[in-house]
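Q: What follows is a single structure, and I will ask about it in a moment.
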Amino acid sequence: MRSLMLALLALLLAPASPAQLARHAVYVDTLPAGSAALRPGLRAFAATAGLLDAALTSLNSLQSLVSKDNYRNSVQALNNPASSALGFSLEGEIQSALQPVLAKTKTVSKTRFTDVVGALVQAPRPGSAMLLSSLAALVGNLAVQEKRVERADVDSFLQRVGRYFAPYEQLNSVNARFEQQVARMNGRLIELQFDIREYMLDIVLLLHPGESRAALRTRPMEELLLQYLDGPVLESLDTARRLPPYPGDGVKGAKDICSNVQKVFREYQKLYGDNYNEIRAIVQAARALGRSGSGATTDATLKSLETLYTESAQADALNLRLRTLEGRLAALVSSTQVLAR
């Protein structure tokens with residue numbers, strides 16, 4: 001984990017590539033050379049537009065990262081009773097433990113009974129505790145119907161299969177908590193999106209006071225950037241002497257947005273990091289329950305989880321491009337310092 005975090009840190013602090021810089025330089029680089037000295041007000045608004053562009057990129061990346069379907073699907077698949085990814089199959093162990101009990105029955109169809117148990121195991125339910133209770137009732141009925149099936153047979157069955165339920169119950173608990181945390185994270189992203197939109201609307205309405213805030217709220221933020229804050233639009237306002245003074249709280253609002261983006265990303269990293277460590281610990285502990293030779297399956301599961309998590313985390317750091325956002329904030333601060341001189 002330490003090496004992974006160091007790799008992530010290096011990615012976050014690495015300068016943006018030329019292609020990345022070219023893609024997001026539209027706001028500032030459309031201005032004539034030397035305009036920073038000649039038109040500091042224009043430079044400040046252009047820097048704000050560039051920061052908003054980077055903030056939207058980070059927001060869109062965060063919204064995509066939180067879903068992270070590949071990782072979540074792989075983790076949830078471990079809770080499939082038919083899967084042997086833990087080194088054993090819960091369904092297989094249940095059916096195996098049933099055989100000595102069914103061998104004592106005379107009136108019960110063994111095939112039909114095992115089919116019923118299989119359907120019961122595969123049926124969706126909140127947790128494995130309910131499944132164990134259902135199995136106990138089902139097998140307990142055999143002791144009532146079949147004279148040769150004794151209470152000791154039922155107890156032996158439950159004791160044999162009971163230990164295999166613990167990892168599944170733990171996985172179910174971890175996954176349920178994880179989904180709740182993801183839902184809260186999505187709530188944070190909605191709040192962040194609202195903050196970015198309101199900040200953008202403040203700037204747009206300052207530059208274009210004739211527009212309606214209510215009407216602008218219904219439009220995509222990317223569209224607002226292009227129509228109202230694009231470089232040529234800002235320059236035409238400045239040429240017509242219609243560029244207002246830069247707002248005194250503009251930098252503070254931008255800093256708050258950047259800080260919140262970074263904060264949400266750190267929370268996201270912790271959320272997935274904690275989940276990965278919990279799942280990994282459960283899989284490792286389940287190794288002791290596997291049969292001889294099942295260690296290779298457990299190792300493969302652990303390796304697959306590690307690869308998926310590591311590759312995903314590295315891609316996250318690149319896609320979010322916090323370095324670009326920080327650079328845009330620095331450019332905005334620098335442009336407003338020129339205004340204060």
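Q: Please specify each residue of the stretch 245-295 satisfying the condition of being within 30 Å of Leu90 (Cβ to Cβ) and hydrophobic (A, V, I, L, M, F, W, C).
A: Pass one, the stretch 245-295, residues within 30 Å of Leu90 (Cβ to Cβ): 271-295.
Passing the criteria: Leu271, Ile279, Ala281, Ile282, Val283, Ala285, Ala286, Ala288, Leu289.
Q: Does any residue of the stretch 118-128 turn out to be farther than 23 Å from Val283 by Cβ and not aliphatic (A, V, I, L, M)?
A: Quick first cut of the stretch 118-128, residues farther than 23 Å from Val283 by Cβ only: 118-120, 123.
Narrowing the set further to residues that are not aliphatic (A, V, I, L, M) leaves 118.
Checking the stretch 118-128: at least one residue is farther than 23 Å from Val283 by Cβ and not aliphatic (A, V, I, L, M).
Q: Which of the residues that make up the stretch 282-341 are at pLDDT 85 or above, within 21 Å of Asn70 (Cβ to Cβ) and of a type in the set (Asp, Glu)?
A: Asp299, Glu306
Q: Return the total of residues in the stretch 276-313 being more than 14 Å from Tyr168 (Cα to Cα) and of a type in the set (Lys, Arg).
A: Residues in the stretch 276-313 being more than 14 Å from Tyr168 (Cα to Cα) and of a type in the set (Lys, Arg): 2 in total.
Q: I would also like to ask the following. So which of Val121, Val149 ends up being assigned to a helix (DSSP H, G or I) and not small (Gly, Ala, Ser)? Working first, answer last.
A: Numbers: Val149 fails: assigned to a helix (DSSP H, G or I).
Selected residue: Val121, the only one of Val121, Val149 that is assigned to a helix (DSSP H, G or I) and not small (Gly, Ala, Ser).
Q: Follow-up. Of a type outside the set (Asp, Glu) and either in contact with a Lys or Arg (Cβ under 6 Å, 6 or more places away or on another chain) or not in a helix (DSSP H, G or I) (or both): does that describe Arg160?
A: Numbers: of a type outside the set (Asp, Glu): yes; either in contact with a Lys or Arg (Cβ under 6 Å, 6 or more places away or on another chain) or not in a helix (DSSP H, G or I) (or both): no.
It is false that Arg160 is of a type outside the set (Asp, Glu) and either in contact with a Lys or Arg (Cβ under 6 Å, 6 or more places away or on another chain) or not in a helix (DSSP H, G or I) (or both).
Q: Moving on to the next point. Starting from residues that are surrounded by 14 or more Cβ atoms within 10 Å (Cβ to Cβ) and without any contact (Cβ under 8 Å) to a residue 40 or more places away in the chain, keep the ones in the stretch 227-236 and report whichever is farthest from Met200 (Cα to Cα). Walk me through how you get there before you give the answer.
A: Pass one, the stretch 227-236, residues surrounded by 14 or more Cβ atoms within 10 Å (Cβ to Cβ): 227-231, 233-235.
Next, from what is left, pick out any that are without any contact (Cβ under 8 Å) to a residue 40 or more places away in the chain: 227-228, 233.
Numbers: Gln227: 12, Tyr228: 10, Val233: 15 Å.
Among those residues, the one meeting the criterion is Val233.
Q: If you scan the stretch 199-220, which residues turn out to be touching a Gly at 6+ places or on another chain (Cβ under 9 Å) and closer than 16 Å to Val261 by Cα?
A: The one that is touching a Gly at 6+ places or on another chain (Cβ under 9 Å) and closer than 16 Å to Val261 by Cα: Tyr199.
The values are calculated or read from the model by the stated rules, or taken from the named source; none is laboratory data. From a predicted model like this one, the values you see are computed outputs, not experimental measurements. Ideal geometry is used to build each Cβ from the backbone, glycine not excepted, and the neighbour counts take in all protein chains shown.
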